[in-house]
Structures are given as C-alpha cells and as structure tokens.
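To start, the structure under review is shown below, and the notes come after it.
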Amino acid sequence: MSHILVTGGTGYIGSHTCLQMLLSGFEISIIDSYVNSSTKVLDSLIKLGKEYNKDFLEKINFFKGDIRDELLLDSIFKKSRINSKPISSVIHFAGFKAVGESFNYPLKYWQNNLNGSISLFKVMNQNNCRNIIFSSSATVYCQTNSFPVSEEGIVAASNPYGQTKLAIEKLLRDLTNSDERWRIIALRYFNPVGAHPSGTIGEDPVGIPNNLFPIICQVASGRIDRLKVFGKNWPTKDGTCLRDYIHVMDLAEAHKASIELLFDNTQDNFLVLNIGNGIGISVLEAINKFQEINKCNISYSFVERRNGDLPIIIADNKKALSLLNWKPNRDLNQMCSDAWNWQKKNPNGY
C-alpha cells in the first residue's frame, strides 16, 4: 500500500478518513494546524486504530503546521523518501469551511484556502507527487440548478467559502491541462453527519456550530438552549430547507475508493464526483427523526433565513456509484444514532 499525505487530517472528515485509510493498509502522514480541531483527536484516532490493528502506530506520522509553510511541506515529502515509502498521493482537507463566517471574513477564507492550496500544489509538483483527492463542496452549485444536481450542473457559488472551493477546482483542472502527469479527483461533499459507531471520534466544532446536526446534538445534551431553524417559508414540502445528508463513514469510504480509482489509468486525469445519498431530507424531518431514534427532545424556533442558504441541495450521485467501487450504506436512522452516541460519550467534545 502507498503512503498518503492528509492535510487537515485531525478535522471531522479528515480523522474518519485517516482511520479508514490506515485500516485499509495505507501509511499516512498528517499535517494540521489544529486551528479547527483538537490536539486530542490524534490520541483518539490512535486509541481506536490500535483496537483494530496492533501495527497501527507504525503507519501514522503527524506534523503540526500550516500548509502555507512551504518549507515544512517540503521537509515532509523529503523525510518520507528517507524514512519510509515516498508520499505518492495527497488527500487535501485543510481549509476554513463555515459558510456564514466566510461572508464576514472573506479575506481570511481566500488567503487561507486558496493560498494554502497553491503552496501545497507547488511543493507536490517539486517533489514529483501529482496525485490528489480534493475536498470540495456542494456549495459550488448555483441556486438556479434543478435538483438532484449532477456534476455538470451550473457552478456559481453564492458564498465566499464555496467560491474558494470552486477556484481551487479550476486551478486543479488547469494543472491537469498543463501536465498530463497530474491525476486529480475533486469530491463535492453534500452534508456529512454522524460519527464513528464507537463514539471515539466524531464532530466537535470549534465555537458555536454552523451545521444542523452538531447543533441538534448540543441542544439534546443541554450545551445549547434552542435550535434556530433558518426560515419556514422555503419552497419545499414543509417550508424548511432540503439537504442531502451522508454519513461521515460512508464519506470516508468514498475517499478510499477514490484513491484506488486515482491509480486506474483508464480514467480521466481530472474527475469531479458528487458524494451524497441522493435523498432530500428537510430540517424538520431531521429534527423529528433524531428525536424519534434517540428518545430525546429538541427545542427549536424559527428565525429569518440565513444569508447564502439555498432551499434545496440534493446530489445526483450516479457518477460516483458508477465509477467508484462504493455506495452509501448508512441511513438517516444510523446518522442520528451515531451522532448522538458521540455526543453522549463526549458531552464537551474532545
């Protein structure tokens, strides 16, 4: 198995993907600044991994730092050639990701997300590593699309966060057009939720959560008094936004399948894949299902619509189902159960 560099590997999706890759036999190096994650994530990841595989520690390396630090990145690549297998590919998660915050701090998002990616791609190229899975987002899609939306849908992100993702996708496409040695897959995530079923790793947002499920969990646990539902007159069946939720473990498995596809020379050098369930679930449906499955009460109230939200975001995932040896296997019941299991076992997060 090959050696993979994972940027942002102690974040929510990154940590679950690292676990999946390690248990599949890959060696990984993680670089993370801990700006949006906890220093305890790595310990939790190691604890969980050792339960599965006694040789787990031999396959994981960690470097604290920012991907804008090109000297650090270069040293990681060079050390891998000396101490172990050379890094052959990258899974790129690192970046700020809160839609609302990106409206307030656009410079922060552009400077970090775009400049960090440019530094990463530059150092990769210098070290003859041109294989990358990029963590993109469904926020790149324009609200004029019909849903479910395919990868050929209109892209025109309505918020600075999504615009940075779209700009990085365009840069990656330019790289493949300029040099056929690059092999790139951009995964457009829809709404990752849930946690590892053990409750050892999960979603622990820094500060006030921005996404629905961690807020539901924190309301259920008493950390937050009430859930704010942004709008009740959207053009949907119950007036609340429709979203496509995917279990984080299904998403982690999609990364493993994408790495395997990356080295299949019959595929295009640049692929974009939607990673979602293809099912629309409203905010109220998610709240009611969480209450039903976990036997708890979620207090909520309706407030004004939030800037940048779309009424409906649902994936057409046929392309991913066709090209990847993968499909989502966990339903909303398990998403709710695993999310609450993590919160109960970690009431204050990591």
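The values are calculated or read from the model by the stated rules, or taken from the named source; none is laboratory data. Here the structure is a predicted model, which is why all the values come from computation and not from measurement. Neighbour counts are summed over all protein chains in view; Cβ atoms, including those assigned to glycine, are modelled from backbone coordinates with ideal geometry.
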Report, ordered by the first and then the second residue, all pairs with beta carbons closer than 6 Å, sequence separation of six or more or different chains, a first member in region 282-300 that is under 16 Å from residue 244 (Cβ atoms) and modelled with pLDDT of 95 or more, and a second member that is among the aliphatic types (A, V, I, L, M) and in a helix (DSSP H, G or I). 289/332
Scanning region 305-348 for residues that are modelled with pLDDT of 90 or more, among the small types (Gly, Ala, Ser) and either in a loop (DSSP other than H, G, I, E, B) or touching a Gly at 6+ places or on another chain (Cβ under 7 Å) (or both) gives 315, 339
Going by what's in this entry, would residue 32 be described as modelled with pLDDT of 95 or more and out of contact with any strand residue (DSSP E or B) (no Cβ under 8 Å at 6 or more places or on another chain)? no
Members of region 300-350 found to be surrounded by 21 or more Cβ atoms within 10 Å (Cβ to Cβ), β-branched (Val, Ile, Thr) and in contact with a Phe, Trp or Tyr (Cβ under 6 Å, 6 or more places away or on another chain), listed by number: 314
Test residue 103 against the criterion of being under 28 Å from residue 76 (Cβ atoms) and among the aromatic types (Phe, Trp, Tyr), and give yes or no. no
Flagged in region 237-257 as in a helix (DSSP H, G or I), under 19 Å from residue 199 (Cα atoms) and touching a helix residue (DSSP H, G or I) at 6+ places or on another chain (Cβ under 7 Å), in numbering order, are 248, 249, 251, 252, 253
Residue 176 passes all but one of (1) touching a residue at least 40 places away in the same chain (Cβ under 8 Å); (2) surrounded by fewer than 18 Cβ atoms within 10 Å (Cβ to Cβ); (3) touching a Lys or Arg at 6+ places or on another chain (Cβ under 9 Å); (4) not in a helix (DSSP H, G or I); which number fails? (4)
For residue 123: the one exception among (1) of a type in the set (A, V, I, L, M); (2) part of a helix (DSSP H, G or I); (3) under 20 Å from the mean Cα position of the chain (by Cα): (3)
Select from region 282-296 the residues that are of a type in the set (A, V, I, L, M) and surrounded by fewer than 19 Cβ atoms within 10 Å (Cβ to Cβ) and write down the one among them that is farthest from residue 23 (Cα to Cα). 284
Specify which of the listed residues (253, 260) is of a type in the set (Asp, Glu) and within 15 Å of the chain's Cα centre (by Cα). 253
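I want to confirm something. Restricting to region 60-96 and keeping residues that are of a type outside the set (A, V, I, L, M, F, W, C) and touching a Phe, Trp or Tyr at 6+ places or on another chain (Cβ under 7 Å), which single residue is surrounded by the most Cβ atoms within 10 Å (Cβ to Cβ)?
In the first step, residues of region 60-96 are kept if they are of a type outside the set (A, V, I, L, M, F, W, C); the result is 61, 64-66, 68-70, 74-75, 78-81, 83-86, 88-89, 92, 95.
Next, only the ones that are touching a Phe, Trp or Tyr at 6+ places or on another chain (Cβ under 7 Å) stay: 64, 92.
Details: 64: 13, 92: 25.
Across region 60-96, the extreme among qualifying residues is 92.
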Residue ID - farthest from residue 133 (Cα to Cα), chosen from residues in region 196-221 that are in contact with a strand residue (DSSP E or B) (Cβ under 9 Å, 6 or more places away or on another chain) and part of a loop (DSSP other than H, G, I, E, B): 211
Counted residues, region 83-136 - those being among the basic types (Lys, Arg) and touching a His at 6+ places or on another chain (Cβ under 8 Å): 1
Conditions (1) under 21 Å from residue 251 (Cα atoms); (2) modelled with pLDDT of 95 or more; (3) touching a Cys at 6+ places or on another chain (Cβ under 9 Å) -> residue 45 fails only (2)
Which residue pairs have Cβ atoms closer than 6 Å, lie 6 or more positions apart in sequence or on different chains, and pair a first residue in region 329-344 that is of a type in the set (D, E, K, R) with a second residue that is assigned to a helix (DSSP H, G or I)? 330/250
If you go through 245, 189, the only one that is within 19 Å of residue 281 (Cα to Cα), aromatic (Phe, Trp, Tyr) and touching a Ser or Thr at 6+ places or on another chain (Cβ under 8 Å) is 189
Quick check on residue 147: is it touching a residue at least 12 places away in the same chain (Cβ under 8 Å), of a type in the set (Phe, Trp, Tyr) and closer than 18 Å to residue 191 by Cα? yes
Counting just the residues of region 232-270 that are touching a residue at least 12 places away in the same chain (Cβ under 8 Å) and of a type in the set (Ser, Thr, Tyr), which one comes out surrounded by the fewest Cβ atoms within 10 Å (Cβ to Cβ)? 236
Among the residues of region 100-132 satisfying the criterion of being among the aliphatic types (A, V, I, L, M) and buried (at least 20 other Cβ atoms within 10 Å of the Cβ), which is nearest to residue 68 (Cα to Cα)? 120
